[in-house]
Amino acid sequence: MMKTRFIYSQYECHRIIPGVLIDNRANIPAIKNKLGSVIKAYTGAESDKVKENCIFYKIETYEGNLAGYFTLKVGSQGVTVLQFQLRSAFQQFNQEISGQISNFISSGEWRKDYLN
């Protein structure tokens, strides 16, 4: 069982998103085997998605290893996962971590990090 923690990290998103995407580029069809300029454009576009009404979380193991990230989009209908990406070494835990994110959302733990 993979135990993770979700760390509100709004100001680190423009560093973490490209790092995780580049690490996992072999599993992302849009940037697999592409030139650096294509990868840079893709990672930049993904970073730009973190705007108003978005909450960015890095996913870490309890040992402090960066496993990935996810963002939540808060709207009038509630909250949804906008982005979710794991580093290649953690892909095997995708379903497990997805379940933990669902529990995190349904429990309302994200509310403490959201400023309306």
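The values are calculated or read from the model by the stated rules, or taken from the named source; none is laboratory data. Every value quoted in this text rests on a predicted model; they were computed, and no experiment measured them. Positions of Cβ are generated from backbone atoms using ideal geometry, with glycine treated the same way; all protein chains shown enter the neighbour counts.
Test Y57 against the criterion of being assigned to a strand (DSSP E or B) and touching a Lys or Arg at 6+ places or on another chain (Cβ under 7 Å), and give yes or no. No.
Might you check whether a residue that is over 12 Å from V20 (Cβ atoms), modelled with pLDDT of 95 or more and not in a helix (DSSP H, G or I) occurs anywhere in segment 81-91?
Yes, segment 81-91 contains at least one residue that is over 12 Å from V20 (Cβ atoms), modelled with pLDDT of 95 or more and not in a helix (DSSP H, G or I).
Screening F6 against (1) more than 18 Å from L115 (Cβ to Cβ); (2) in contact with a strand residue (DSSP E or B) (Cβ under 9 Å, 6 or more places away or on another chain) leaves a single unmet condition, (1).
On the basis of being of a type in the set (D, E, K, R), free of Cβ contacts under 8 Å to residues at least 60 places away in the same chain and surrounded by fewer than 17 Cβ atoms within 10 Å (Cβ to Cβ), does K3 make the cut? Here the answer is yes, as K3 does meet what is asked. Annotation for segment 69-77: at least one member residue is in a loop (DSSP other than H, G, I, E, B) and either surrounded by fewer than 20 Cβ atoms within 10 Å (Cβ to Cβ) or of a type in the set (S, T, N, Q) (or both). Going by the structure shown, is A26 assigned to a helix (DSSP H, G or I), surrounded by fewer than 14 Cβ atoms within 10 Å (Cβ to Cβ) and out of contact with any Pro (no Cβ under 7 Å at 6 or more places or on another chain)? For A26, the condition - assigned to a helix (DSSP H, G or I), surrounded by fewer than 14 Cβ atoms within 10 Å (Cβ to Cβ) and out of contact with any Pro (no Cβ under 7 Å at 6 or more places or on another chain) - is met. Checking each residue of segment 60-73 against the condition of being more than 24 Å from M1 (Cβ to Cβ) and of a type outside the set (K, R) gives at least one match. Does segment 51-59 include one or more residues that are surrounded by fewer than 14 Cβ atoms within 10 Å (Cβ to Cβ) and in contact with a helix residue (DSSP H, G or I) (Cβ under 9 Å, 6 or more places away or on another chain)? Looking through segment 51-59, none of the residues is surrounded by fewer than 14 Cβ atoms within 10 Å (Cβ to Cβ) and in contact with a helix residue (DSSP H, G or I) (Cβ under 9 Å, 6 or more places away or on another chain). A Cβ distance below 7 Å, combined with a sequence gap of six or more or placement on separate chains, defines the contacts here; from segment 8-26, residues that are touching a residue at least 60 places away in the same chain (Cβ under 8 Å) reach residues that are surrounded by fewer than 15 Cβ atoms within 10 Å (Cβ to Cβ) and assigned to a helix (DSSP H, G or I) in the pairs D23/S88; N24/S88; A26/S88. Candidates E63, E46, E52, E96: the one that is outside any strand (DSSP E or B), among the acidic types (D, E), in contact (Cβ under 8 Å) with a residue 40 or more places away in the chain and out of contact with any strand residue (DSSP E or B) (no Cβ under 6 Å at 6 or more places or on another chain) is E96.
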